[in-house]
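First comes the structure, then the notes that go with it.
The values are calculated or read from the model by the stated rules, or taken from the named source; none is laboratory data. These numbers come from a predicted model, not from an experiment. Quick reminder, even Gly has a Cβ in these numbers, built from the backbone with ideal geometry, and neighbours come from all protein chains shown. All accessible areas refer to the heavy atoms of the entire protein, side chains included, with ligands and DNA or RNA removed. Shrake-Rupley method; radii C 1.70, N 1.55, O 1.52, S 1.80 Å.
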Amino acid sequence: MNKTLVTAINASAELFSSFRDDFNGAQLLWLAVVATIAVIFVHLFQTWWSLRHIPGPFLASLTNLQRVWWVRTGRAHLYHQAVHAKYGDIVRIGPHMVSVSNPEAIQTIYPIRSGFPKSDFYSALRPYSSERGSMLLVFNTQDEQMHKRLKSPIAPLFSLSNTVTFEGLVDDVLACLSEQLDKRFVDTTEILDFGKWVQYFAFDVMGTMSFSKRYGFLDQGRDDEGMLDAIFNYMKTAAPMTQIPWLDPWFYKNKIVHSFRRTPGMSILGVVSKAIRERLDGNDDDAGTQTSGKDFLSRFLEIHRANPDLPPWASTAWTFSNVIAGSDSVGSVMRTILWYVQSKLDQSDNLVTHPDTLQALQRELDAANLSRPYPKWNEVRDLEYLDACVQEAVRIHPPFALPFERVVPVGGVNVMGKYLPEGVFVGGNPYVVNRHKPTFGENVEDWSPERWLGGEGHKKKLEQSILTFGAGRRVCLGKYIGLFEVKKLIPFLILNYEASCHVPKCWNIGAATDRELQIQIIDPKALTVENGFFFKQEGFNCRIKKRKQSSTD
Ligand code: HEM
């Protein structure tokens, strides 16, 4: 609680007791009511006053409840976009919280050096159990020393050169995906929920990299243990709490509540703990096979053994991170590319395709003489148009879409010409920053890989303006892994699969002809998005068939 508020309450209590002898009961009650109102008024005034020079909705200057509500609607990104459209590049969205939308602020708020720590937003994202309490992960650690201790030993594992050593494992998962698509959906009447299947792919890749075995989503064609829903529910439950984190220990993270309501993240923790136990006990079926010696879990355990001063829970925290941070996010980018390459809704809600994108991508892939059926990383990593599609997907639909909050350090800071005093929270929502018109162009709402094609300098500037992976000291550790997986999957699908050429008449597909639709979208309007910090899409249903090899093959 605010120090001044505590002082004011104590002063009122003293005043109240000194008046006790001179007034009767009713008068005392009135006095108490008036004093309480006065204290609340002074508190609200002080709160408003502290950042009065930052524009924003009036309610936001008094309470966080408004931004909690925005998050609860699942559309916080749109509210954030709307307030920036109304008030400008820097907006007060809470009594002590300032949101920025201009990429120019990125270097100030997210520096490489230490000293601009994460706010309590991240404490609400910690999984909780009665036995362990709140669990620190590299991602949600606020203490900068602890963050360094946890991150430094494992950071080399996430480098691009190490990521590429997993290529064989990713090809195995691609083979599994291909087998299942062919068996279940090619030349059958079955409708493919493409969004779900790429998510299965992303999870099984991360399972293979982490534990040397797939979780089995692709093999079974379903999520038997409900792990995917558990992860989304974990984020969705935590998301409103991130906006008002002092309530979190009351609502969720305490032993009493936990005895009858489990934090959703705990079922994932169960999977991770079991995998570690099995590996340590030597009961892991895959231990000792050609891949398990190289998977993340083995490397984490090795690192942990070599650094005994690390906390005893470090291996669990690292592994948990891989499962929770590394799968849904990648699946989301994959889904976005496939969705936009195939189709989009115009302003009147008509389905129009992007045949130009699809054809340009096919042309580039066909001409690149790629290995079949699984193109190699070295062949696809520098393909210009593929890269432009990936960057555009990362821009237009960031998988995490609430402001990444930081605490202004001692001495305050100037952001976009406005002074923010010490202790204020500040951050940018990637959904909004990635749509900054002066940086990305007037057509920010449109899918346009072409915006990335203007030479290396231009591309680099745009890349530095994107906030999807965070930035600076706390930038995403798994970025290369994510991009690696995406660039392995997309060329494979575009090269090998094609749609039946039938589009129901009721859809207005704009200028596109049937032949231009590679994958038949069953119900384009069914694609829904929900922002629970993790920005989920659902309802990408289609039919596919094998693509005929092009004449250049
Ligand atoms: C396209 C995929 C991905 C996206 C968009 C993404 C995005 C992010 C974002 C936004 C942050 C936090 C930034 C902040 O709070 O300021 C982050 C941090 C992190 N990500 Fe990712 N991520 C992706 C893939 C991955 C993968 C595949 C892994 C692991 C295998 C991973 C591991 C991490 C870790 C460990 C951190 C914490 C870094 C730190 O605090 O030092 N991410 N990521």
* Asked: Rounded to the nearest 0.05, what FRET efficiency do Y419 and F251 have when you use their Cβ-Cβ distance and R0 = 60 Å?
  -> 0.95
* **Under Karplus coefficients 6.51, -1.76 and 1.60, residue-wise ³J(HN,Hα) of region 153-169 in Hz, glycine/proline x** => x, 9, 3, x, 5, 9, 5, 4, 4, 6, 4, 5, 5, 8, 4, x, 5
* Can you pull the three principal axis extents for the Cα set of region 81-137, in Å, largest first? -> 46, 28, 17
* State, as an integer percentage, the relative contact order of region 79-179 based on alpha-carbon contacts under 8 Å between residues 6 or more apart. => 13
* Under 5 Å, built H, 5+ apart or other chain: amide partners of H96 -> none
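Of the heavy-atom accessible surface of region 379-431 (probe 1.4 angstrom), what whole percent is carbon and sulfur? Write down the numbers at each step before the final one.
Values: 800 of 1580 Å².
With neighbouring chains kept in place, the figure for region 379-431 is 51 percent.
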* Asked: So which lysines pass the test for K548, namely a Cα distance under 22 Å, with those fewer than 8 places away in the same chain ruled out?
  -> K183, K376, K487, K488
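Rounded to the nearest whole Å³, what is the per residue volume of the convex hull around the Cα atoms of region 374-471?
Numbers: hull volume 13.1 nm³, N = 98.
For region 374-471, the hull spanned by Cα atoms encloses 134 Å³ per residue.
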* Once phi is turned into θ = phi - 60°, what whole-Hz ³J(HN,Hα) does the Karplus curve with 6.51, -1.76 and 1.60 give for every residue of region 109-116, x standing for Gly and Pro? -> 7, 10, x, 6, 6, 7, x, 10
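Excluding R395 itself, calculate the net charge of residues whose Cβ lies under 10 Å from the Cβ of R395, where each Lys or Arg counts +1 and each Asp or Glu counts -1.
Numbers: positive: R435, R451; negative: E392, E463.
For residues surrounding R395, the net value is 0.
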* Asked: Got a sec to turn the phi values of region 225-236 into Karplus ³J(HN,Hα) couplings, 6.51 cos²θ - 1.76 cosθ + 1.60 with θ = phi - 60°, whole Hz, x for Gly and Pro?
  -> 8, x, 6, 5, 5, 4, 5, 5, 5, 4, 5, 5
* How would K236, K536 line up by accessible area, probe 1.4 Å, largest first? -> K236, K536
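Could you order L495, L31 by accessible surface area, starting with the largest, using a probe radius of 1.4 Å?
Working: L495 0, L31 55 Å².
I get L31, L495, largest accessible area first.
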* **Along each principal axis, Cα extent of region 53-110, largest first, Å** => 29, 25, 21
